[in-house]
Amino acid sequence: ILNVEQSPQSLHVQEGDSTNFTCSFPSSNFYALHWYRWETAKSPEALFVMTLNGDEKKKGRISATLNTKEGYSYLYIKGSQPEDSATYLCAPARGGATNKLIFGTGTLLAVQP
Amino acid sequence: KAGVTQTPRYLIKTRGQQVTLSCSPISGHRSVSWYQQTPGQGLQFLFEYFSETQRNKGNFPGRFSGRQFSNSRSEMNVSTLELGDSALYLCASSMPDRVYEQYFGPGTRLTVT
């Protein structure tokens, strides 16, 4: 069983604060890591998929890094805005190109104006 | 391009009944995955279908089953419903050559009383 841990479980920040979350996963047989954003009453939306150790991806104010050797990924949000409020999920996939994603329980971010 | 659609959006059933949920993937997507989301458990992988065949399966009892039709639409069936089956059921679809990019539907909220 792939044990995926995300921390913190929840985070309350003020508008303009920068923040980061952690996703930890077993590094053996790693294939890819996905980050999703899930806003209330909407569908999960893919943010990034990363496959290589040292990968860094950026989308606007959000960026992510990947360390496959030690089994972790960081998601950073610079200058948080209220519209960033959502649950951020990471999902590593194990070896082989399959769709079997194992999701962490997520980090709930609340950005107060 | 239309997104992933799921029907019904909300459903109330009684213990012991069975239920069928439907998922229509994005046009051209041949892979459909199903997930269960319950409070505190996060998104749990149920199964994945590709070209009408179950390709991956999660750790759920045999009461949970699915199938995929030739037009890639998928159904999920839960027999002998239990109170613990109350959850949000999400399906996701992807292209055959981009299996790690999953697009989620809005989900079906199932309540078992």
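The values are calculated or read from the model by the stated rules, or taken from the named source; none is laboratory data. Computed from a predicted structure; not experimentally measured. In this analysis, Cβ positions are derived from the backbone assuming ideal geometry, glycine residues included, and neighbour counts consider all displayed protein chains.
Any chance you could count how many residues in the stretch A:9-53 are more than 10 Å from every other protein chain (Cβ to nearest Cβ), surrounded by fewer than 16 Cβ atoms within 10 Å (Cβ to Cβ) and charged (D, E, K, R)? Here the count works out to 3.
Scanning the stretch A:3-45 for residues that are modelled with pLDDT of 90 or more, small (Gly, Ala, Ser) and in contact with an Asp or Glu (Cβ under 8 Å, 6 or more places away or on another chain) yields a single hit, A:Ser24.
For the stretch A:85-99, the count of residues that are away from every other protein chain (no Cβ under 14 Å), part of a strand (DSSP E or B) and either surrounded by fewer than 17 Cβ atoms within 10 Å (Cβ to Cβ) or of a type outside the set (A, V, I, L, M, F, W, C) (or both) is zero.
Conditions (1) modelled with pLDDT under 95; (2) of a type in the set (Asp, Glu); (3) within 30 Å of A:Tyr88 (Cβ to Cβ), marked per residue:
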{"position": "B:Gln6", "(1), (2), (3)": "no, no, yes"}
{"position": "B:Leu11", "(1), (2), (3)": "no, no, yes"}
{"position": "B:His29", "(1), (2), (3)": "yes, no, yes"}
{"position": "B:Gln36", "(1), (2), (3)": "no, no, yes"}
{"position": "B:Leu43", "(1), (2), (3)": "yes, no, yes"}
{"position": "B:Arg63", "(1), (2), (3)": "no, no, no"}
{"position": "B:Gly66", "(1), (2), (3)": "no, no, yes"}
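Just one of (1) away from chain A (no Cβ under 14 Å); (2) among the hydrophobic types (A, V, I, L, M, F, W, C); (3) surrounded by 20 or more Cβ atoms within 10 Å (Cβ to Cβ) trips up B:Phe64, so point out which. Result: B:Phe64 fails condition (3) only.
Quick one: would you say A:Glu5 is touching a residue at least 40 places away in the same chain (Cβ under 8 Å), surrounded by fewer than 18 Cβ atoms within 10 Å (Cβ to Cβ) and within 13 Å of chain B (Cβ to nearest Cβ)? Criteria met by A:Glu5. Of all residues in the stretch B:1-54, those that are closer than 16 Å to B:Asn77 by Cα, more than 15 Å from the chain's Cα centre (by Cα) and either among the small types (Gly, Ala, Ser) or in a loop (DSSP other than H, G, I, E, B) (or both) total 4.
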